Amino acid sequence: MFDTLLNHVSIRKYMAQPVPLELLNAILEAGTRASTTGNMQVYSIIATTDEAIKEELAPCHFNQPMVVQAPVVLTFCADFNRFNKWCRLRNAEPGYDNFLSFFTAAIDALLVAQNVCVAAEDAGLGICYLGTTTYTAGKIIDILDLPLGVVPVTTVTLGYPDEQPDLTDRLPLEAVVHMDKYRDYSDPDIEKLYREKELITTYQEFVKENNKETLAQVFTDVRYKKADNVLFSKALINILEQQGFMNNQ
């Protein structure tokens, strides 16, 4: 399992070979063994294999080719709909129409998503997380018929790899691990921790291609701009309200 984790790569090209249902179910079962708040399992997984529905989902993920190419597209959702219905059938009034409950369910969904991904890779499949899900949550809700109390939080493509990409760089352990208490970073710390990343040829090419002075500017000015962050934040807040998670009373 350590080898599986340490050799993770994102797969964006897949063979046409379908994933056997028995294997898919085994992977999803492994996913459900993830930790979950209060053992409530307030998440749902939509496993899409239908070509027409994948075509509908593709624009929600900026038409990245793997959404259609991958044999399976998994949409992981924060889901209090099922739990709320169970509570009411058992004469218990749920109080989960608030942001904290959404956050709880989103954590549950992401934990199960990571379990699924590790299980899939351990079985020889490839995966790719799509960070576009929360950008277009409203459209995904419509396509997948998600009811009140359900919000998509991430999407994973899954299938047999048709490429062998190199490992992606990671910051050194000392950059992300704090022992006992948080130790803030000095300017020399930042210089040291990001030096190796900034020297990678691919990233230096990104800087040149985007006519920027530094790699940080590629992130702030091109890839993850403030204007986009604000736009998508407002859209997501509206979706949370629409789906019943913004009651502050």
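Taking the criterion of being crowded, with 18+ Cβ neighbours inside 10 Å and more than 11 Å from L74 (Cβ to Cβ), the only residue of region 45-55 that qualifies is K54.
Within the set A235, A227, the sole residue that is open to solvent by 70 Å² or more (accessible area, probe 1.4 Å) and either farther than 26 Å from A175 by Cβ or not in a helix (DSSP H, G or I) (or both) turns out to be A227.
Within region 148-192, the residues that satisfy the criterion of being β-branched (V, I, T) and either within 30 Å of V19 (Cβ to Cβ) or within 21 Å of the chain's Cα centre (by Cα) (or both) are V150, V151, V153, T154, T155, V156, T157, T168, V176.
Checking A16, A70 one by one, the residue that is open to solvent by less than 40 Å² (accessible area, probe 1.4 Å), hydrophobic (A, V, I, L, M, F, W, C) and either under 18 Å from C128 (Cβ atoms) or without any contact (Cβ under 8 Å) to a residue 12 or more places away in the chain (or both) is A70 and no other. A Cβ distance below 8 Å, combined with a sequence gap of six or more or placement on separate chains, defines the contacts here; from region 89-115, residues that are farther than 21 Å from T154 by Cα reach residues that are in a helix (DSSP H, G or I) and of a type in the set (D, E, K, R) in the pairs P94/R88.
Filtered by the rule that a residue be out of contact with any strand residue (DSSP E or B) (no Cβ under 9 Å at 6 or more places or on another chain), assigned to a helix (DSSP H, G or I) and open to solvent by 20 Å² or more (accessible area, probe 1.4 Å), region 75-113 gives F83, N84, K85, W86, R88, L89, F99, L100. Counting only residues that are part of a helix (DSSP H, G or I) and either surrounded by 13 or more Cβ atoms within 10 Å (Cβ to Cβ) or acidic (D, E) (or both), region 179-215 holds 15 of them.
The values are calculated or read from the model by the stated rules, or taken from the named source; none is laboratory data. Given the structure is predicted, the values throughout are model-derived calculations rather than measurements. Using ideal geometry, Cβ is built from the backbone for each residue, glycine included, and neighbour counts are taken over all protein chains shown. The accessibility values were calculated without ligands, DNA or RNA, using every heavy atom of the protein model including side chains. Shrake-Rupley method; radii C 1.70, N 1.55, O 1.52, S 1.80 Å.
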